[in-house]
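A.B. asks: This structure is in structure tokens; I'll ask about it shortly.
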Amino acid sequence: MIIAIHFTTDPIVIPRSSLPNREIGAVVEFHGIVRELESAAPIDGLNYEAYEPMARKVLEKHLLDLHAIHGCDAVHFIHRLGWVPVGEASLYLRVMSSHRAEALRFLADAIDRLKLDVPIWKISTT
Amino acid sequence: MPCSDSTHTGSMDESEITLLAFASARENLGFSTRSLAVNRAETPLDILRRIAPDANIENLRVALDCEFSDWHTPVGHARELAFIPPVSGG
């Protein structure tokens, strides 16, 4: 499986989508957008920080585990760090697979695991 | 093998460890990174009690060289001890 993990302090740019093989039948994308309410309080945006080398390590292990469970051919992960205004994406995830079912399950599980123990934090400044 | 290249400029004394504190841990402990001389038999809890005797460790995890560890395992030859509060990425 192709794994691409990127952290950026810039607005997320959707990476060009090249199919790793001709068996790809499903490309599932997820954009995590900063909403204007955080714990019911209005915000202008969120600050994100990461313990980047550990975040890469923990995330890659999760993605490899999920590959063993669901299969899938490629996953592209981008997390934005620093200040992210409301309405902009802090997270982008793309999963490619032969069939939609495993791609959707892989994506959902990957986000759940991200929120479990990948050392990235959002800090609201209200 | 330390995992954060940025925290290791120049040679580090064998007895030194780099402490990293993120997000709410930084707020509570009052530092984001600092270097500390340690006894390699010390545990993360021993070290924390030395620098912040009253720190609340509830929900706080620790990592040694980017690997989750626990409060009671000696740091051994680890070069980096990170205090990891509950995560909230995504």
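Every number here is computed from the coordinates shown, using simple stated rules; none is lab data. Keep in mind that this is a model prediction, so the values were computed, not measured. Here Cβ is always computed from backbone atoms with ideal geometry, including for glycine, and neighbour counts include all displayed protein chains.
A.B. asks: For a quick size check, give me the Cα extents of region B:14-84 along its three principal axes, largest first, whole Å.
C.D. replies: Computed over region B:14-84, the largest-to-smallest principal extents equal 28, 22, 20 Å.
A.B. asks: Return the Rg/Rh value of region A:1-100, two decimal places, where both radii are evaluated on C-alpha atoms and Rh is the Kirkwood radius.
C.D. replies: 1.02
A.B. asks: Tabulate in residue order the Karplus-calculated ³J(HN,Hα) for region B:35-40, using 6.51 cos²θ - 1.76 cosθ + 1.60 with θ = phi - 60°, rounded to whole Hz; enter x for Gly and Pro.
C.D. replies: Coupling constants for region B:35-40: 9, 8, 6, 9, 8, 5 Hz.
A.B. asks: Considering every residue in B:78-90, what mean count of other chain Cβ atoms within 10 Å of its Cβ is obtained?
C.D. replies: Working: counts 0, 0, 3, 0, 4, 1, 5, 2, 4, 13, 9, 20, 14.
Per residue, the number of nearby Cβ atoms from other chains is 6 on average.
A.B. asks: Near the amide H of B:VAL38, under 5 Å away, which other amide H atoms are found, from residues 5 or more places off or on another chain, if H is placed in the peptide plane?
C.D. replies: B:GLU16, B:ILE17
A.B. asks: Next question. Given H placed 1.01 Å from N in the peptide plane, which residues other than close sequence neighbours of A:ILE5 have an amide H under 5 Å from its amide H?
C.D. replies: A:PHE77
A.B. asks: Using the number of other C-beta atoms within 10 angstrom as an exposure proxy, rank B:ASP46, A:ASP10 with the fewest first.
C.D. replies: A:ASP10, B:ASP46
A.B. asks: Before rounding to the nearest 500, sum -39500 (n - 2.57) across all DSSP H runs of length at least 4 in chain A and divide by the residue total; then give [θ] at 222 nm in deg cm²/dmol.
C.D. replies: -10000 deg cm²/dmol
A.B. asks: Something else: Measure off 7 Å from each Cα along the Cα-to-Cβ vector at A:SER39 and A:THR125, then give the distance between these two points in nanometres to one decimal.
C.D. replies: Output for this residue pair reads 1.7 nm.
A.B. asks: Got a sec? How would A:VAL95, A:VAL34 order by Cβ neighbour count within 10 Å, fewest to most?
C.D. replies: In increasing order of surrounding Cβ atoms, one gets A:VAL34, A:VAL95.
A.B. asks: Using only atoms on other chains, find how many Cβ atoms lie within 10 Å of each Cβ of peptide B:64-70 and report the average.
C.D. replies: Across the residues of B:64-70, the mean count of other-chain Cβ atoms within 10 Å is 3.
A.B. asks: Please compute, for peptide A:115-124, the average count of beta-carbon atoms on other protein chains lying within 10 Å of each residue's beta-carbon.
C.D. replies: That works out to 6 on average.
A.B. asks: Give me the dipole magnitude in Debye, nearest 20, for chain B about the Cα centre, with unit charges on the beta carbon: positive for Lys and Arg, negative for Asp and Glu. Display every interim value, and only then the final one.
C.D. replies: Values: 7 positive and 13 negative charges, 31 e Å.
Computed charge dipole of chain B: roughly 140 debye.
A.B. asks: I've got another one for you. Would you compute, for the Cα atoms of the protein assembly as shown, the largest minus smallest coordinate along each principal axis and list the three values in descending order, in whole Å?
C.D. replies: Answer, in whole Å and largest first: 56, 40, 32 Å.
A.B. asks: Of the options B:GLY76, B:ILE57, B:ALA23, report the single residue whose Cα projects farthest towards the positive end of the charge dipole of region B:14-84 (beta-carbon charges: Lys, Arg +1; Asp, Glu -1).
C.D. replies: Among B:GLY76, B:ILE57, B:ALA23, the one farthest towards the positive end of the dipole of region B:14-84 is B:ALA23.
A.B. asks: Counting only residues 5 or more places away or on other chains, whose amide H sits under 5 Å from the amide H of B:ALA21 once H atoms are built in the peptide plane?
C.D. replies: So B:ALA21 has HN proximity to B:THR33, B:PHE83.
A.B. asks: Can you give the FRET efficiency for A:PHE7 and B:ALA41, using 1/(1 + (r/R0)^6), R0 = 35 Å, r = Cβ-Cβ distance, to the nearest 0.05?
C.D. replies: It comes to 0.50.
A.B. asks: Between A:SER17 and A:TRP83, what's the calculated FRET efficiency when r is the beta-carbon distance and R0 is 35 Å? Round to 0.05.
C.D. replies: Efficiency, from the Cβ-Cβ distance: 0.80.
A.B. asks: Still on this structure, please answer the following. In region A:52-85, which residues have a backbone nitrogen under 20 Å from the label point lying 7 Å from A:HIS99's Cα in the Cα-to-Cβ direction?
C.D. replies: Residues A:66-75 qualify, since their backbone N sits under 20 Å from the label point.
A.B. asks: Treating only the Cβ of Lys, Arg, Asp and Glu as charged (+1, +1, -1, -1), what charge dipole size does the protein assembly as shown show about its Cα centre? Round to the nearest 20 debye. Don't skip to the end; give the middle numbers.
C.D. replies: Values: 20 positive and 29 negative charges, 82 e Å.
Its charge dipole is roughly 400 debye.
A.B. asks: Would you mind ranking A:ILE78, A:ILE2, A:ILE120 so that the residue whose beta carbon has the fewest other beta carbons within 10 Å leads the list? Let's see the in-between values first.
C.D. replies: Numbers: A:ILE78 20, A:ILE2 12, A:ILE120 26.
The order, fewest Cβ neighbours first, is A:ILE2, A:ILE78, A:ILE120.
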